[in-house]
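Step one of this worksheet: look at the structure below.
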Amino acid sequence: MRKVGCGVDDKGEDTMIDSILLVDDENLFHLVFEDACSLLDISLKLQALSSADEADRLFKAWKNTPDLKPECVFVDLNIVGSSFDGAELIRRINYEHGNGVVIGIISSSYDRKEMSKAVAAGAQFWIVKSDEIEPRLEEFKNDYPGYKSRTANFKVYS
Amino acid sequence: MIQVAEDAKRMLIDIAEKQDMYVEGNILKLFDPGDDQEFRKYVDVAIDRDKAARSKRLSVTKQVQNQNRELIFAQQQNEKLMSDLQAALQKAEDAKKIVENDLDNLQKRNQFELINIIVKVSLWMIVGVGILSTGMYITGMVTKSDTTLTGNVWSNIVSILLTNSFSIIGTIMGVKYASEKPKT
């Protein structure tokens, strides 16, 4: 059998992220992210949303059905057309909707102030968007078990 | 993992051989071929084809994403240029208005100065003729000469001066008021 996986767990086996939620207003990036995740065997299931409000509503709904909740969430910093930014969405997911998900920012910004704000909201990582997103996602994939077990520190992938 | 039934495996392999069609997507990663070498080969080929297709799509999507980004940047630049152009146009129009206004004022001033000169010259001429006729009339009276003609001339001149004095003074005042420099 072909081995697929995301990072290496405590038993030394490859593990794959069960499901990923991407919240980003740029629809083209949804395709880029989906293909990159598939090629890197990061996750089998991927849901992409264009609005922070929609993500907020879904997380409220998932309080009653936690099985539907994604395992990992990637949030864009500036989500055009939403009532609040990515850092605020992370704060809501972490502090209002009970969390348990691995969550972080994926943005073209490299603003230290925004990073501090995201960390305060509970972001575990920050991936800088660029044409070469695959190496960053691959590095993230290797670090993923640490995020899942909440032992890894905040890291910027740039 | 998904255990695929034997008849389904054969059907998939058959379709691949005859029609060159393979299962696509992440579901392939869940297929467990077990010890079936033929189906393992099918899954490997399907995964490789899927990856190639995804790689191609990823590359095209990135290209479109870059072009889109460049277009957005160009659009922003265009909007900025348009805004700058409109501001420059507005400035030029304002400057044109100021110049036109200055030119108009200059023309008016020149006209008023000309009128002023004409009025002054006319006044001096009338006053001069008045003084001359008065002088001639006085001289005639002192030398006991015939003053009929000079008396009539003097009388006419004085009546003209009296009847037109208000009009002349009004004109002079008007010209002075109009030709005054605007207060800054």
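The trypsin sites (Lys or Arg not before Pro) of the stretch A:26-85 meeting both criteria, a DSSP state outside H, G, I, E and B (loop) and at most 11 other C-beta atoms within 10 angstrom of the site's C-beta, are A:Lys63. When chain A is described by a simple charge dipole with +1 on each Lys and Arg Cβ and -1 on each Asp and Glu Cβ, the residue from A:Ser83, A:Ser116, A:Ser43 located farthest towards its positive end is A:Ser116. Listing B:Ser155, A:Ser51 from fewest to most neighbouring C-beta atoms within 10 Å gives B:Ser155, A:Ser51. The Cα trace of chain A gives Rg and Dmax of 14.5, 46 Å, the first to one decimal, the second as a whole number. The gain in end-to-end length when the B:Asp94 to B:Ile2 segment is fully stretched comes to 25.4 nm, 0.36 nm per residue minus the alpha carbon separation.
Name the GluC sites (Glu not before Pro) in the stretch A:54-122 that are in a loop by DSSP and that have at most 16 other C-beta atoms within 10 Å, would you? The partial results should precede the final answer.
Numbers: sites: A:Glu54, A:Glu71, A:Glu88, A:Glu96, A:Glu114; in loops: A:Glu71, A:Glu96.
Sparse-neighbourhood loop GluC sites (Glu not before Pro): A:Glu96.
Quick one: putting +1 on the C-beta of Lys and Arg, -1 on the C-beta of Asp and Glu, what dipole do you get for the stretch A:30-158 around its Cα centre, in Debye to the nearest 20? It would help to have the intermediate numbers written out before the result.
Numbers: 16 positive and 20 negative charges, 125 e Å.
The calculated dipole for the stretch A:30-158 is roughly 600 debye.
Compactness of the protein assembly as shown is given as radius of gyration and Dmax, 46.7, 159 Å, from Cα positions. Averaging Cα coordinates gives a centre for the stretch A:58-135 and one for the stretch B:1-47; these two points are 37 Å apart. If you take the charge dipole of chain B about its Cα centre, with +1 on Lys and Arg Cβ and -1 on Asp and Glu Cβ, which of B:Met136, B:Ala53, B:Phe112 is farthest toward its positive end? The residue sitting farthest along the positive end of the dipole is B:Met136. Among A:Val75, A:Val32, B:Val60, the order by Cβ neighbours within 10 angstrom, fewest to most, reads B:Val60, A:Val32, A:Val75. Working from label points 7 Å from Cα in the Cα-to-Cβ sense, the A:Lys45 to B:Ile168 distance is 10.9 nm.
Remark on the stretch B:1-69: Rg and Dmax equal 15.1, 49 Å (Cα only).
Over the stretch B:2-178, the pair-distance histogram of Cα-Cα distances with 5 Å bins from zero comes to 1, 6, 8, 7, 5, 5, 4, 4, 3, 3, 3, 3, 3, 3, 3, 3, 3, 3, 3, 3, 3, 3, 3, 3, 3, 3, 2, 2, 2, 1, 1, 0 percent, rounded to whole numbers.
The magnitude of the dipole of the protein assembly as shown, with charges of +1 and -1 set on the Cβ of Lys/Arg and Asp/Glu and taken from the Cα centre, is near 2280 debye. Between A:Arg136, A:Arg112, A:Arg91, the Gaussian network model of chain A with springs among Cα atoms under 10 angstrom shows the greatest mean-square fluctuation at A:Arg112.
Where a number appears in this text, it was derived from the coordinates with a stated rule and is not lab data. Note that this is a predicted model, so its numbers are computed, not measured. Note that each Cβ is placed from the backbone with ideal geometry, even for glycine, and that neighbours are counted across all protein chains shown.
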